[in-house]
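Here the structure is laid out as structure tokens; the discussion comes afterwards.
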Amino acid sequence: MKKIALLGSTGSIGTQTLEVVREQGDIQVVAMAAGKNIRLLEQQVREFRPALVAVWEEKDACILRESLRDMQIRVVSGMEGLLEVAVIPEAEILVTAIVGMLGIRPTIAAIEAGKNIALANKETLVTAGHLIMPLAKEKGVSILPVDSEHSAIFQSLNGEESNKINKILLTASGGPFRGKKRKDLEHMQVEDALKHPNWSMGRKITIDSATLVNKGLEVMEAKWLFGVELEQIQVVVHPQSVIHSMVEYEDGAVIAQLGTPDMRLPIQYALYYPKRRRMSGKKLDFYELSGLTFEQPDTETFQGLALAFQAMRQGGNIPTVYNAANEKAVALFLNRKISFLEIPEIINACMENSRYVNCPTVEEILTTEAETYAFIESRW
């Protein structure tokens, strides 16, 4: 029986992780953490019966304790609660499906405790990759990517450890606004941006897909995960979302991972690596495919992607500024306080006005986040 801990159990990745657990039947969830969806969390706890549950707010923890008073389950709260879930001795894998930089400290704590990490939290490597990857190597811990594109790259690298990578080809669907120009995007509303053509995801990541910021974050993450230079990462728009990413080797051979757009596949692969398991759902039918097409990303219209490359070239705490500015800007957009095109404008303004810190510590990363938030709040 494989035992896991799960951060972000009520989110999109968290609920799909639990679908895999439910279907496979030989994984035990020993601890879980969630945000504010206490009703769903209670349902999950009653089904999967973890020994430990964490929520962010103590008031929510009190509500959950009362509703679960008939069960022998410990409920904790705050960052201390997340850290308890991350290092619970019984778990061998920590699934980090929590959103935002909240995931950095628990991920570090889990690595230090010798846990393998099924990584679905982009912000961890985007902002702290220079800390996370050396620590994982030191502790002999595996970082197993859950994101579909990074899982595809990971799978395409299997058995090729001694061969030189020429290029990583990171695919992007193009989102709901693929093919549109800036003038077309001036009056796009929240509902328009949330209509992703292929994937079912949370609201924040769906907006990130529409701006191509999500692909920018994935570029940053890929650099740290696979130890390549920024110039070796090429983004390719692939509207069908059948090829999830590719690796080109020095001889010109390209190895790709294909499949239906189903996040359960990379989740399950990370949980059972290096073994594969049968999975329910629609399989890829090549007779049904009308064709696979590829395009160059339009970085003039979707400036978030170009800004990501710029942030990585600057290095230091600038990727943290990029990430924090986007988080705040997306929240403003979802609350209808700014327009769609203002999202990259806010990111750019923050990058231009930030205080540079080389090789930031965790504390400096979190300070940068707070300073970026404060800058935005003072202007928008």
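The values are calculated or read from the model by the stated rules, or taken from the named source; none is laboratory data. These numbers were taken from a predicted model, which means no experiment stands behind them. Don't worry about glycine lacking a Cβ; one is built from the backbone with ideal geometry, like all the others, and counts go over all protein chains shown. Surface areas here come from the heavy atoms of the whole protein model, side chains and all, with no ligands, DNA or RNA. Shrake-Rupley method; radii C 1.70, N 1.55, O 1.52, S 1.80 Å.
What to note about this one:
- Long-range neighbours under 8 Å by Cβ, at least six apart or interchain, first residue free of Cβ contacts under 8 Å to residues at least 60 places away in the same chain within segment 32-49, second among the acidic types (D, E): K36/E57; K36/D60; I38/D60
- Output for segment 342-363, where each listed residue is open to solvent by 20 Å² or more (accessible area, probe 1.4 Å) and part of a loop (DSSP other than H, G, I, E, B): N353, S354, R355, Y356, N358, C359, T361
- Any chance V242 is more than 30 Å from T15 (Cα to Cα) and more than 19 Å from the chain's Cα centre (by Cα): no
- Residues (open to solvent by 30 Å² or more (accessible area, probe 1.4 Å) and among the small types (G, A, S)) located in segment 299-329: A306
- Test result for Q28, open to solvent by 50 Å² or more (accessible area, probe 1.4 Å), in contact (Cβ under 8 Å) with a residue 24 or more places away in the chain and closer than 20 Å to Y269 by Cα: yes
- Candidate set: segment 136-167, residues that are assigned to a loop (DSSP other than H, G, I, E, B) and hydroxyl-bearing (S, T, Y); chosen: the one least open to solvent (accessible area, probe 1.4 Å): S142
- Residue count, segment 167-193 (criterion: touching a strand residue (DSSP E or B) at 6+ places or on another chain (Cβ under 7 Å) and more than 15 Å from L305 (Cα to Cα)): 2
- Entirely in segment 42-98, the strands (runs of 3 or more DSSP E) that have 2 or more residues that are of a type in the set (G, A, S), crowded, with 19+ Cβ neighbours inside 10 Å and at pLDDT 95 or above: none
- Residue count, segment 300-330 (criterion: charged (D, E, K, R), over 21 Å from I376 (Cα atoms) and in contact with a helix residue (DSSP H, G or I) (Cβ under 7 Å, 6 or more places away or on another chain)): 1
- Test result for T107, of a type outside the set (A, V, I, L, M, F, W, C), without any contact (Cβ under 8 Å) to a residue 60 or more places away in the chain and within 24 Å of A308 (Cβ to Cβ): yes
- Taken together, V254, V213 contain a single residue that is touching a strand residue (DSSP E or B) at 6+ places or on another chain (Cβ under 7 Å) and of a type in the set (A, V, I, L, M, F, W, C), which is V254.
- For segment 168-186, taking the residues that are surrounded by fewer than 15 Cβ atoms within 10 Å (Cβ to Cβ) and either touching a residue at least 60 places away in the same chain (Cβ under 8 Å) or among the small types (G, A, S) (or both), the one that is farthest from F340 (Cα to Cα) is identified as G179.
- Of the residues making up segment 14-24, none is assigned to a loop (DSSP other than H, G, I, E, B) and at pLDDT 95 or above.
- Just so you know, in segment 309-337 the residues that are under 19 Å from F375 (Cα atoms) and of a type in the set (G, A, S) include one that is farthest from the chain's Cα centre (by Cα), and it is G316.
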